[in-house]
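The values are calculated or read from the model by the stated rules, or taken from the named source; none is laboratory data. Not measured: the values here are computed from a predicted model. Cβ placement follows ideal geometry from the backbone for every residue including glycine, while neighbour counts extend to all protein chains displayed. Surface accessibility is based on the protein's heavy atoms, side chains included, excluding ligands, DNA and RNA. Shrake-Rupley method; radii C 1.70, N 1.55, O 1.52, S 1.80 Å.
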Amino acid sequence: MKEMIRLNRRDFLKATGLTGLGLILNVPIDAAVAEQAFIPGPFIRIEPDGRVFITVSRSEMGQGVYTSLPMIVAEELEVKLDDVIIEQAEAEFRYGVMATGGSNSVKSMFRPLARAGATAREMLIAAASEELGISKSKLIAKNGSVSVVGTQRQISYSQLVSTAAKYDPADFNVKLKSKEDYRVIGGKGKRQDTLAKITGKAIFGVDVSLDELVIATVKKCPYVVGKLKNWNSEKALKIKGVEQVIKVDNHLAVVADSYFTAQKAADILEAEWVAVEDFSTKSVHESLVKAKQEKASEGFELGQRPNTISNDTLTIDYEAGWQAHATMEPQTCTVKYSPTFIEIWTPTQVPIWAKKTIESFTGLSPSQVRFHVTFLGGGFGRRLERDMILEAVKIARKVKSKKPVKVIWSREADMRNDFYRPASLHCMRASFDKGSWSSVEHKLISDSILASKFGQGVLGPNKVDPTALEGSRFHAYQIPYQRVDYKYVDCKLPIGWWRSVYDSQNAFAKECFVDQVARKLEKDPGLYRVELLTDSPRHKRVLQEVLLMSKWDTPTPKDKGRGCAVHKSFNSYVAMSCELSLRNNTPVIEKVYVAVDCGLVVHPDTVEAQVQGSIVFGMMATLFGEINVDKGQVMEGNFHQYWMPQIQHMPEVNIKIVDSDEAPTGIGEPVVPLVAPAIANALLDLTGKQPTRIPIKA
Amino acid sequence: MSAEKLINFELNGKLTKVKTDPEKFLLWVLRENLGLTGSKFGCGRGLCGSCSVLVEGKPVRSCITALKIVEGMKVETIEGLAQNESLHPVQQAWLEMDVPQCGYCQSGQIMNAKALLDEIPEPDESTIKKRMSGLICRCGTYTRILAAIKRAAEIKRGERS
């Protein structure tokens, strides 16, 4: 795709005088070059001129995979990070799983990429051995060359390409480097995408340009579940530049020569829709509350159920509202359609899944659909959905002029047609025996993401969504009896995976409840947690770090509140404490302390950035916006209604990354779930009242 | 529907003529007519700031600014910031601090930061917060934006790292 090459070395040299930093290409491999290149697998290609290309098979949505994943390869391949050229993988099976989600890019790609790098390195050493006639044991790879130990002799990778290319990678049994020998991993590697993103050259989905491209926007059915009754496109078609109005499912797409024109036409396009489902935030809240009385299914049980029923109990209900992803880049997809070949460019987290969706929709074979991933202007789980891509294909095949089409949703279409974080109700009950916490029960009532995606059948006869239980358990804490029950309620609003998924609501309920238990037992909530975490060293360690950092043992300053939380999600352990005050009855988050244990850290700077960003993301859903439904319509359409934290809301953030020898785990999501309970607990500390519903209303 | 009109303005130091609907928002003129896609479409209502460009040195939300308004004026976009052989001090600071995450809002952030430093070379923290308020970064890069603006002020003063 020649049109996407806005970024080449010569341009950059001219524009910036910088070399070698952040070169990102998105071009198909030239077959003639490929023939002469050393390609030991899907992730590495060394060309005869010595340039090292690393293919990233995950989507860059801000979480730093264009840096952290190449760092893993560069470490084992013995090249400098800034000397490699990064290529985005197209959707192809040879890359294995390409889905970007669940905070698993570094976790799942660490070994495959390290092995790829090490294999290539060993093959280059073998090539040097053959070329120089020196035993492999006397050769070492370093900095893009193979050197002869104890001499000045060295031979660069570029000179070894043709020899190395003759070998079969399967013949090489490689040993990965040990942590003490790392020079890239754990280091200060610069983000490889920064330069593109600060010069306006990074190509996001909305920036894709093709010859003869037309633009479409979609006037969406205003009802969550509704039907298009009738429409009249006469006026809209009179606007100069408007080509066509296309009915796509229950929506209307306007195709024009410009987004400006398309949107103007969409605004005056006459259409009438009817609601099929009439529901509201209030009605859904009532059905969640009603389900409290209904029988739930067992989700998780630990320990012996007490024989006697204690009279000494504490019960609190917690509730979480709907949240949108609101990626800064609205949903967009570009399609070049013909009946026998489709080419797609889109910012997606699931290129393979999306490609298969298009193949099964069109009946085309895998070789008839080509799928490119652009930069993502935010993901947060929204781009795990394939709705937009399918819609764009449906539009593209109806475009009369047969031109390629870029579909761009308005912000309003994006915000009102999301797959939201589910609303949930958490009924917590603790029992006490002689002043100590003897049991905890959590009845979790919510919609099921699994059922919404794959049908209610996946929930089994007991109607349990195991993913909804993520983060609901208290099992890190030493409480003799613990139980979580799940009650499925279909809430009608489309739902999906929202950064940190069910952990965001479950950690809120769990960690708020721990504070209330501590209060009842007249214990310090931080120290009480330490006491309860005797068998969970990694939880305990991060918590202790946070208590230390935030000087938890000193009195809370006047007019301020302090709260903490500890939670494990996506295999990472996080503790947080926050300090806040009230201004005009509105919480002002002043300081946040975070300790994380996400195993071996490939790129500490990424971890720091993700922690800072997760705090903002969590603050948004705790104190700022909420998605509401009334009369079957999503009310919030833009940022004046769905409010976001801005620079003046950013607290001081202090971060401790715990040194760990464990395998790397995620960091994109695990900090988000702690923000709501840390804030709610700080409010409890300050006011004596703990908010039980998020977002918290002032 | 307005008839097409030839509009002249100065874009990144170059006289630019565009023949189009004078009501067309500047953002789409830049992105579609002129191929400068660095300024981003985020909300279409001037609420998020991803589309910020400078008009006569002041930040303007190009997604709600009709082209005719900038007739004869000086417009600066992210593409015009790097001069000759080097990045603008704001970009240099952004690069040093690795500010962007997804990067989508960053052109708008950078243009606002440039305007701020042109007007107030050494802004204190509360001035930075006041002037950069109203710019939404969903990734939450605010800590680094704040630090990078302070750093850019140093670079402009002539202090190199």
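For A:Glu180 and A:Arg429, compute 0.36 nm times the residue count separating them, minus their Cα-Cα distance, and round to one decimal in nm. Could you put the intermediate results ahead of the total?
Working: separation 249, 0.36 × 249 = 89.64 nm, distance 4.83 nm.
Contour length minus Cα-Cα distance gives 84.8 nm.
Count the lysine pairs in segment B:64-161 whose Cα atoms sit under 17 Å apart, keeping only pairs 8 or more residues apart in sequence or on different chains.
Values: B:Lys74/B:Lys114; B:Lys114/B:Lys129; B:Lys114/B:Lys130; B:Lys114/B:Lys150; B:Lys114/B:Lys156; B:Lys129/B:Lys150; B:Lys130/B:Lys150.
Pairs that pass both the separation and distance tests number 7.
Keeping all protein chains in the complex and leaving out DNA, RNA and ligands, what accessible area do you get for A:Asp278 with a 1.4 Å probe, in Å² to the nearest 10?
Only protein atoms counted, so the area is about 120 Å².
Over chain A, what relative contact order in percent results from Cα pairs under 8 Å that are six or more residues apart? It would help to have the intermediate numbers written out before the result.
Numbers: 1544 pairs, mean separation 97.8, N = 698.
Reported relative contact order: 14 percent.
Cα to Cα, under 19 Å, and not fewer than 8 places away if on the same chain: which lysines meet these conditions relative to A:Lys463?
A:Lys463 reaches A:Lys290, A:Lys292, A:Lys295, A:Lys443, A:Lys453, A:Lys487, A:Lys492.
So what is the relative contact order of segment A:299-367, in percent, for Cα pairs below 8 Å that sit 6 or more residues apart? Don't skip to the end; give the middle numbers.
On the way: 24 pairs, mean separation 10.8, N = 69.
Over segment A:299-367, the number comes to 16 percent.
Give the dimensionless ratio obtained when the Cα radius of gyration of segment A:460-586 is divided by 2.2 N^0.38 Å.
On the way: Rg = 16.7 Å, N = 127, 2.2 N^0.38 = 13.9 Å.
It is 1.20.
By average Cβ neighbour count within 10 Å, what is the ranking of A:617-624, B:13-20, A:458-465 from highest down? Write out the running numbers ahead of the final one.
Values: A:617-624: 24.5, B:13-20: 12.8, A:458-465: 15.4.
Listed from highest to lowest mean packing, they are A:617-624, A:458-465, B:13-20.
Whole Å is fine, so just give me how far the alpha carbon centre of segment A:89-150 lies from that of segment A:236-305.
If we compute the Cα centre of each part, the gap is 47 Å.
I'd like the mean, over residues of B:25-32, of how many other protein chain beta carbons sit within 10 Å of each residue's own Cβ. Write down the numbers at each step before the final one.
On the way: counts 5, 0, 2, 7, 2, 0, 6, 8.
Counting Cβ atoms of other protein chains within 10 Å of each residue's Cβ and averaging gives 4.
Shielding of A:607-613 by partners, i.e. mean partner chain Cβ atoms within 10 Å per residue? Present the calculation step by step, with values, prior to reporting the outcome.
Numbers: counts 0, 3, 10, 3, 2, 7, 10.
That average works out to 5.
How big is segment A:302-363 by Rg and Dmax over its Cα atoms, in Å?
24.9, 71
Which of the lysines could be linked to A:Lys560 by a straight reach, that is with a Cα gap under 18 Å, when you skip same-chain ones fewer than 8 residues away?
Reachable lysines: A:Lys551, A:Lys591, A:Lys689.
How big, on average over all directions, is the shadow cast by the Cα convex hull of segment A:274-338, in nm²? Show your work: numbers first, answer last.
Values: hull surface 45.4 nm².
Hull-based average projected area comes out at 11.4 nm².
Under a no-solvent Debye model with one identical scatterer per Cα of segment A:142-233, what's log10 I(q)/I(0) at q = 0.13, 0.18, 0.23 Å⁻¹?
Normalising to I(0) and taking log10 leaves -0.88, -1.14, -1.23.
Mind listing the phi-derived Karplus ³J(HN,Hα) values for segment A:483-492, rounded to whole Hz, using 6.51, -1.76 and 1.60 with θ = phi - 60°, and x for any glycine or proline?
Couplings: 8, 10, 10, 10, 10, 7, 10, 6, 9, 6 Hz.
How large is the Rg to Rh ratio of segment A:578-698 when both quantities use alpha carbon positions and Rh follows Kirkwood? Each step should come with its number before you reach the end.
Numbers: Rg = 16.2 Å, Rh = 15.7 Å.
That ratio equals 1.03.
Accessible area per residue, 1.4 Å probe, Å², for segment A:446-560: what's the number? If you can, show how the numbers build up before the last one.
Numbers: 4690 Å² over 115 residues.
With all protein chains present, segment A:446-560 gives 41 Å² per residue.
Roughly what percent of Cα-Cα pairs across segment A:172-319 reach past 25 Å? Let's see the in-between values first.
On the way: 7296 of 10878 pairs.
Percent of Cα pairs beyond 25 Å in segment A:172-319: 67.
Give me the number: length gained by fully extending A:Asp267 to A:Lys80, i.e. 0.36 nm times residue separation minus the C-alpha to C-alpha distance, one decimal in nm. All intermediate terms of the calculation are to be shown ahead of the outcome.
Details: separation 187, 0.36 × 187 = 67.32 nm, distance 5.22 nm.
Gain in length upon complete extension: 62.1 nm.
Once both labels are modelled 7 Å past Cα along the beta-carbon direction, what's the A:Glu522-A:Arg693 spacing in nm?
3.4
Alpha carbon centre of segment A:365-406 versus segment A:634-698: separation in Å?
The distance from the Cα centre of segment A:365-406 to that of segment A:634-698 comes to 33 Å.
At R0 = 60 Å, how high is the FRET efficiency between B:Glu10 and A:Leu302 if r is their beta carbon distance? Nearest 0.05 is fine. Provide the component values of the computation, followed by the final result.
On the way: r = 70 Å, r/R0 = 1.16.
According to the calculation, E is roughly 0.30.
If you take every DSSP beta bridge fully contained in the protein assembly as shown, what fraction is antiparallel? Give it as a percent rounded to 5. Mind dumping the intermediate values first?
On the way: 99 of 134 bridges.
So the antiparallel bridges in the protein assembly as shown amount to around 75 percent.
Is there a pair in A:Lys138/A:Lys166; A:Lys197/A:Lys356; A:Lys403/B:Lys19 whose C-alpha atoms are over 25 Å apart, and which pairs would that be? Kindly include the intermediate steps, with their values, before the conclusion.
Working: A:Lys138/A:Lys166 22 Å; A:Lys197/A:Lys356 30 Å; A:Lys403/B:Lys19 23 Å.
Violating the 25 Å limit, Cα to Cα: A:Lys197/A:Lys356.
Taking the Cβ-Cβ separation of A:Ser338 and A:Lys136 as r and a Förster radius of 56 Å, what is the calculated FRET efficiency to the nearest 0.05? Before the final figure, lay out each step's value.
Values: r = 52 Å, r/R0 = 0.92.
Calculated transfer efficiency: 0.60.
Rank by packing, highest mean first: peptides B:96-105, B:126-135, A:329-338, with packing defined as the count of other Cβ atoms within 10 Å averaged across residues. Walk me through the numbers before you get to the answer.
On the way: B:96-105: 27.3, B:126-135: 17.6, A:329-338: 24.4.
Most protected by this proxy first, the peptides run B:96-105, A:329-338, B:126-135.
Let me have the relative contact order for chain B, percent, based on Cα pairs under 8 Å that are six or more residues apart.
Details: 271 pairs, mean separation 36.2, N = 161.
So the answer I get is 23 percent.
Can you grab the distance from the C-alpha centre of segment A:516-551 to the C-alpha centre of segment B:108-161, Å, no decimals?
What the calculation gives is 38 Å, centre to centre.
Suppose we keep just the DSSP beta bridges with both residues in segment A:406-564; what percent of those would be antiparallel, to 5? Walk me through the intermediate numbers first.
On the way: 10 of 19 bridges.
Rounded to the nearest five, the antiparallel share is 55 percent.
Report the label-to-label distance for B:Ala147 and A:Ser360 in nanometres (one decimal), using points 7 Å from each Cα along the Cα→Cβ vector.
4.6
For peptide A:185-198, how many partner chain Cβ atoms fall within 10 Å of a residue's Cβ, on average? Each step should come with its number before you reach the end.
Values: counts 0, 0, 0, 1, 1, 3, 7, 1, 5, 10, 5, 2, 15, 21.
Partner Cβ neighbours, averaged per residue: 5.
Using only C-alpha atoms and all pairs of different ones, pull out the Kirkwood radius for chain A in Å with one decimal. Intermediate results must be reported in sequence, preceding the final value.
Numbers: mean 1/r = 0.0365 Å⁻¹.
Every distinct Cα pair counted, the radius reaches 27.4 Å.
What FRET efficiency do you get for A:His640 and A:Val149 if R0 is 56 Å and r is their Cβ-Cβ distance, rounded to the nearest 0.05? Mind showing how you got there, number by number?
Details: r = 66 Å, r/R0 = 1.18.
After rounding to 0.05, the efficiency reads 0.25.
Estimate for me the total accessible surface buried between chains B and A (protein heavy atoms, probe 1.4 Å, no ligands or nucleic acids), in Å² to the nearest 100.
Details: alone 8550 and 29120 Å², together 32820 Å².
Chains B and A together bury roughly 4900 Å² of accessible area.
Calculate the spin-label point distance for B:Arg45 paired with A:Asp630, positioning each point 7 Å from the Cα along the beta-carbon direction, and give it in nanometres.
1.4
Along the charge dipole of chain A, pointing to its positive end and built from +1/-1 on Cβ of Lys, Arg, Asp and Glu, which listed residue (A:Ala141, A:Ser108, A:Gly200) has its Cα farthest out?
Highest projection toward the positive end goes to A:Gly200.
Check which residues have an amide H placed less than 5 Å from A:Val56's amide H, if you skip close sequence neighbours.
Long-range HN contacts for A:Val56: A:Glu87, A:Gln88, A:Ala89.
Can you list the lysines whose alpha carbon is less than 18 Å from that of A:Lys400, not counting same-chain residues fewer than 8 positions off?
The reachable lysines, counting only those whose Cα sits under 18 Å from A:Lys400, are A:Lys238, A:Lys240, A:Lys247, A:Lys336.
Could you sort the residues of segment A:629-663 by number and keep only those whose accessible area is reduced by 10 Å² or more in the all-protein-chain setting relative to the chain alone, 1.4 Å probe?
Residues losing area: A:Asn638, A:Phe639, A:His640, A:Met644, A:Pro645, A:Gln646, A:Ile647, A:Gln648, A:Met650.
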